[in-house]
Ligand SMILES: Nc1ncnc2c1ncn2[C@@H]1O[C@H](COP(=O)(O)OP(=O)(O)OP(=O)(O)O)[C@@H](O)[C@H]1O
Ligand SMILES: [Mg+2]
């Protein structure tokens with residue numbers, strides 16, 4: 001679909017080293033995320049997938065290494081430049097991280113209210129449209145997060161992440177805690193959104209079906225760095241022990257067959 | 001790739017070419033041409049223009065999107081809404097020169113045109129206000145009844161624990177006694193001392209006008225021992241520990257820890273409520289005693305400084321003229337106040353539901369309710385002691 005000459009790296013990570021105290025999580029980690037792709041990040045529990053995501057979106061400070069987003073080094077930006085970049089991405093945290101004192105619609109309007117000067121009527125309309133886009137029923141707009149199910153909360157979180165039409169969305173385990181039908185619907189939603197909005201998606205996931213269904217490329221995190229990154233075929237041919245076990249284990253095989 | 005400097009804030013691709021809508025009329029066809037960056041940051045103006053636009057004597061409106069530079073969902077939405085509104089008025093409206101990359105988005109926005117509620121409905125009429133009051137009153141009664149039920153539950157659990165002392169949770173009990181009592185002792189002592197000082201000073205200045213300043217000793221002693229010492233302590237404990245009970249139990253409730261206890265066949269009342277309530281009941285009289293002593297001490301110091309009543313004289317006067325009954329009247333109220341504070345704190349904690357906001361709301365409620373109930377109870381005791389002439 002994408003032609004090779006247009007490939008542009010929107011996130012590029014070089015020689016990243018992160019850690020807490022003397023516990024090093026990543027060392028000499030390199031990774032590229034290309035415009036318009038869905039990149040899946042996999043790795044065992046505690047290998048630092050969430051930490052990597054948080055480091056890219058500057059919630060964690062790296063010990064060394066550079067992270068470039070849209071070609072700009074995140075470490076040397078002024079506050080306003082950083083804000084400008086932050087508005088170009090949206091983040092869906094694992095549990096939605098919705099503001100509990102606001103309704104779903106108000107949650108979606110927060111970024112618009114804070115960053116833009118738009119008429120209220122337009123903000124309401126846009127919020128309603130986003131609610132429809134992520135497949136929530138219209139009455140969900142006036143509900144508080146505590147009145148939603150886990151899957152609805154994820155959708156609402158996605159709607160908020162998409163409020164400003166970002167170019168990149170970061171998703172931390174978006175399908176965890178959803179039933180298989182809900183998870184498949186969420187995969188379809190992300191694929192649709194990607195097509196329609198020309199999104200780049202950075203997705204941490206353990207869901208083998210998601211990996212097969214929507215990811216263009218997969219990056220495997222192990223031994224403190226990305227041991228292999230590429231399309232599903234490249235991953236299936238990788239002979240690293242953990243990768244073999246992950247993708248050729250009973251669940252991995254089932255997913256491969258299901259998606260053949 | 002473009003240089004970093006070209007992409008100035010706030011919107012890197014925007015602002016060079018603002019979103020514009022221009023109207024032109026040829027015959028009965030009106031053309032609205034959209035130019036520039038139709039992205040969410042710069043849409044306020046075209047939104048207003050299209051919202052208030054009333055095409056006249058027009059059979060057909062054409063939206064010319066040929067020179068649209070960039071478009072996001074919000075931009076597509078405004079165009080879609082304008083076309084939809086025209087069509088609903090019976091005017092034929094079409095897009096022309098749609099660029100291929102914009103067509104999909106326009107279609108998708110069209111598919112997701114559904115109004116959504118923003119806030120739960122609420123109205124502000126007089127009737128609403130009245131029914132609000134009615135609901136408040138009936139809720140207060142319901143709450144009173146529920147609290148009574150909770151008292152019964154706690155007492156039943158206490159009874160079971162007394163019958164079977166091995167089920168008593170000693171460690172939390174001691175922990176809470178330390179948190180509620182020992183840790184609060186310094187502040188209770190300090191405040192009581194200051195109140196004693198203030199009472200003695202005010203009493204001395206007023207009574208001196210009548211030459212009866214020696215009665216300052218009785219004034220301080222009776223008011224501190226009978227009322228102020230214990231009331232002050234109870235209010236401090238309600239604010240310090242009652243609120244802590246609600247917040248602790250409330251956060252556990254949010255985290256589903258209470259549900260987890262139930263599924264493990266553990267009784268939350270026995271595990272959480274009983275140690276806290278017992279701890280307040282045991283500790284509040286001690287704090288009240290400290291408060292009494294420090295209040296008298298503060299009064300004594302002030303009497304010495306202002307009235308030249310030396311400590312020996314103060315003690316003698318206290319001994320001769322202030323019956324011990326006042327001390328007992330004050331102290332006997334302590335366990336009842338404590339029960340109120342502990343019960344309300346834990347009960348409100350268990351009422352937490354949904355969100356962090358509910359923890360905050362119920363914590364406030366528990367403190368206000370506990371202090372209110374302590375004062376009501378104090379009034380009841382005053383009447384009771386007056387009737388039995390104690
Ligand atoms: N704030 C923190 N302080 C100290 N250590 C941390 C912190 N956050 C994460 N870690 C450590 O970093 C490591 C990686 O954590 P991370 O949450 O990124 O794992 P993960 O790959 O997302 O795992 P999972 O698949 O279980 O979510 C873990 O060993 C964790 O203990
Ligand atoms: Mg994680």
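Quick notes
- Hydrodynamic analysis of the protein assembly as shown uses the Kirkwood radius over alpha carbon pairs. Inserted into Stokes-Einstein at 4 °C and 1.567 mPa s, it gives a translational diffusion coefficient of 42 µm²/s.
- Values of log10 I(q)/I(0) for the stretch A:120-253 across q = 0.19 Å⁻¹ run -1.11, by the Debye formula with one identical scatterer at each alpha carbon and no solvent.
- Efficiency of FRET from Cβ geometry, residue A:76 and residue A:139, R₀ 45 Å, rounded to 0.05: 0.45
- A Förster radius of 45 Å, combined with the Cβ-Cβ distance separating residue B:167 from residue A:20, puts the computed FRET efficiency at roughly 0.60.
- Averaging the sequence gap over all C-alpha pairs within less than 8 Å and six or more residues apart, then dividing by the number of residues, gives the stretch B:266-390 a relative contact order of 29 percent.
- Normalising the average separation of contacting C-alpha pairs (under 8 angstrom, six or more residues apart) by the number of residues puts the relative contact order of the stretch B:2-111 at 24 percent.
- Neighbouring partner chain Cβ atoms per residue of B:103-112, average, 10 Å criterion: 3
- Note on residue B:26 and residue B:151: the extension gain reaches 36.8 nm, defined as 0.36 nm multiplied by sequence separation minus the Cα-Cα distance.
- Nearest 10 degrees, 0 to 90: helix A:180-197 Cα axis against chain A principal axis: 80 degrees
- Each part reduced to its alpha carbon centroid, the stretch B:79-142 and the stretch B:297-313 end up 73 Å apart.
- Spatial separation of Cα centroids for the stretch A:68-146 and the stretch B:328-390, in angstrom: 43 Å
- Ellipticity at 222 nm from helices only: DSSP H runs of n ≥ 4 in chain A, each -39500 (n - 2.57), divided by the residue count, give -11500 deg cm²/dmol.
- Approximate spin-label separation residue B:140-residue A:68, in nm, with each point projected 7 Å along Cα-to-Cβ: 6.8 nm
- Each Cα pair under 8 Å and six or more residues apart adds its sequence gap; the mean of these over the residue count of chain A is a relative contact order of 24 percent.
- Rounded tilt (10° steps) of A:150-161 against the dominant C-alpha axis of chain A: 80 degrees
- Expected 222 nm ellipticity per residue - DSSP helices of 4 or more, -39500 (n - 2.57), all of chain B, to 500: -20500 deg cm²/dmol
- Rough spin-label spacing in nm, given labels placed 7 Å along Cα→Cβ, for residue B:325 and residue B:183: 4.0 nm
- The ranking of A:248, B:80 by Cβ neighbour count inside 10 Å, starting from the fewest, reads A:248, B:80.
- Dimensions of the stretch B:132-217 from C-alpha coordinates, computed as largest minus smallest value along each principal axis and given longest first, are 60, 44, 22 Å.
- Exposure proxy order (Cβ contacts within 10 Å, fewest to most) of B:292, A:209, A:179, A:233: A:233, A:179, A:209, B:292
- Proxy reagent accessibility, fewest Cβ within 10 Å first, across B:305, B:231: B:305, B:231
Read-outs throughout are calculated quantities, based only on the coordinates presented, and are distinct from any laboratory measurement. Because the structure is predicted, anything quoted here is derived from the model rather than measured. A quick note on method: Cβ atoms are made from the backbone with ideal geometry, for glycine too, and the neighbour counts reach across all protein chains shown.
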